[in-house]
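Please read the structure below before turning to the comments.
The numbers here are math on the coordinates, done by the rules we state, and not lab data. This one's a predicted model, so the numbers in the text were calculated from it and none came from an experiment. So basically every Cβ, Gly included, is an ideal-geometry build from the backbone, and we count neighbours across all protein chains shown.
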Amino acid sequence: PTTLAACAFTIAMALPTADLNALTSLNNQHPEFVLNAFPLLFMSWTYHGVVPRVVYDLEGDKDNITKAIVGGSTAALLIYLAWNAVILGNVLSDSSGEAIAFSSSTTATNPIHLIRNTQLQSAITVVSELAITTSLIGVVLGFVNEFYDAIGAVPSQTYGPKEDNKYRVALLTLIPPAIVSVALGYFTTQQPPLLAVDNYQIIDYVGAFGASTLFLILPALMTWQNRYGDEARPLSVKPMVPLGKITLSSLYKAAGTLIVEQGLDKLGVFEFVQRSWEGIGGSQ
């Protein structure tokens, strides 16, 4: 509730000064960058983690589960679109209606820094911090429960009171990413940097290779195995999405295509092919 209230307050603050005409102007539309945004979009699909809880709380009621998932996802999407619209609208308003200059360089620009209203900047920062905190709590609790179900529930002794070792599983969940985070912070802040990577590149890699694998490929493959595998079991809840195998296969195939495309892009294959093609055209 706190995050939603802060988000609604910030949107109401930013809306009067947002230049929505510049935002929807054809000069400021860049469809050529849509594919590059897919890694970030995939990172928003982490709601997979709460679906089992929704199914459990609603006791497998198909209609209520559908309403909860569709309604919750739609509400989050509308908030997300409104949030981005007012922020980018204020960026364009403060830039006298001119579009942000896009380039092929690796230097990314934080649009919040382009907003001149310091009060709005502070409000956006607070909402962003609240959103990150709530997301972190949800993800951590989800992973802790998953690890605990897998390895943490094994009792340390065969008789007498059983020791609750869930805190150990929590440490197992938190310590590895904390070490990676501290190491990245250390290597990227040295002069000169020992590792040439920034937060935007990290998000790009995590979305393209991590989130697409965890939340698109693996769930689809596990569902396929559960429904159509050799040891398929009767389903307690019938499939809610139509077209069955076509829908499931399209999920992991789309994610696999993105992984291949992003991998080739990161390796410079597309740039090499483009330069080679231009060289052939120039020689003719």
- For Ser128 and Ala5 in one chain, what is 0.36 nm times their gap in residues minus the Cα-Cα distance, to one decimal in nm? 43.0 nm
- Using a Förster distance of 30 Å, the FRET efficiency for Ile112-Leu141 (Cβ separation, nearest 0.05): 0.55
- Starting from segment 4-87, pick out the trypsin sites (Lys or Arg not before Pro) whose DSSP state is loop and whose Cβ has at most 15 other Cβ atoms within 10 Å. none
- Query: How would you order 23-34, 200-211 from highest to lowest mean count of nearby Cβ atoms within 10 Å?
  - Reply: 200-211, 23-34
- Message: Please give me the summed charge of the neighbours of Phe272: other residues whose Cβ is under 12 Å from its Cβ, Lys and Arg +1, Asp and Glu -1.
- Response: -2
- Task: Within the set of other residues whose C-beta is less than 14 Å from the C-beta of Ile246, count the net charge using Lys and Arg as +1 and Asp and Glu as -1.
- Result: +3
- Query: So how do 35-44, 72-81 stack up, highest first, on mean other-Cβ count within 10 Å?
  - Reply: 35-44, 72-81
- Given pairs Lys67/Lys166; Lys67/Lys245; Lys67/Lys266; Lys166/Lys253 and cut-off 29 Å on Cα-Cα distance, the over-length ones are Lys67/Lys166; Lys67/Lys266; Lys166/Lys253
- Item | Gained length - Leu77 relative to Asn21, 0.36 nm times residue gap less alpha-carbon distance | 18.0 nm
